[in-house]
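Input: a single structure, listed below in structure tokens.
The values are calculated or read from the model by the stated rules, or taken from the named source; none is laboratory data. These figures come from a predicted structure and were not determined experimentally. Neighbour counts run over all protein chains shown; Cβ positions are idealised from the backbone, glycine included.
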């Protein structure tokens, strides 16, 4: 379980605005760990976790695009039904609220094929500690098995 800096940008919801921003970032070889685009009426919100925060912020400054920086959790979860649900249940059980979340289905070179979830929570430190306990983050727990009765013959 790790934390990362996410950049949030509000763009006018018109054709080409997102493409222009992404082109500027690509020219400086800014790569993303995750990216989400949401419609908000006249404006769209772009949230992304860049691999190089300083370069990404510099590009946005250069093209005069305002942004906000937020700390988020990055959690690898298995790409299987119920993988993200387990994280939600664990956080809810400790009264932690998920403000928003999105995923990247290719979590990078270090991944073993899982999904990278980006999670904004109301208490980052507590959530990180909770999801890191006992190797919880992204791991399946083995099913509980009852001891077998041994019958002597």
Residues that are in a strand (DSSP E or B) and closer than 23 Å to residue 77 by Cβ, drawn from region 28-43: 32, 33, 34, 35, 36, 37, 38
With criteria (1) farther than 24 Å from residue 129 by Cα; (2) outside any strand (DSSP E or B); (3) touching a helix residue (DSSP H, G or I) at 6+ places or on another chain (Cβ under 8 Å), residue 91 comes up short on (1)
Among 41, 58, the single one that is at positive phi and free of Cβ contacts under 8 Å to residues at least 60 places away in the same chain is 41
Looking at (1) modelled with pLDDT of 90 or more; (2) touching a strand residue (DSSP E or B) at 6+ places or on another chain (Cβ under 7 Å); (3) closer than 22 Å to residue 21 by Cβ, find the lone condition where residue 104 falls short. (1)
Residue 77 passes all but one of the listed conditions (1) more than 23 Å from residue 97 (Cβ to Cβ); (2) assigned by TED's automatic domain parsing to the domain that holds residue 119; the exception is number (1)
Which numbered condition in (1) assigned to a helix (DSSP H, G or I); (2) out of contact with any helix residue (DSSP H, G or I) (no Cβ under 9 Å at 6 or more places or on another chain); (3) touching a residue at least 12 places away in the same chain (Cβ under 8 Å) is the only one that residue 25 fails? (2)
When residues of region 44-69 are filtered for being surrounded by 15 or more Cβ atoms within 10 Å (Cβ to Cβ) and part of a strand (DSSP E or B), how many remain? 8
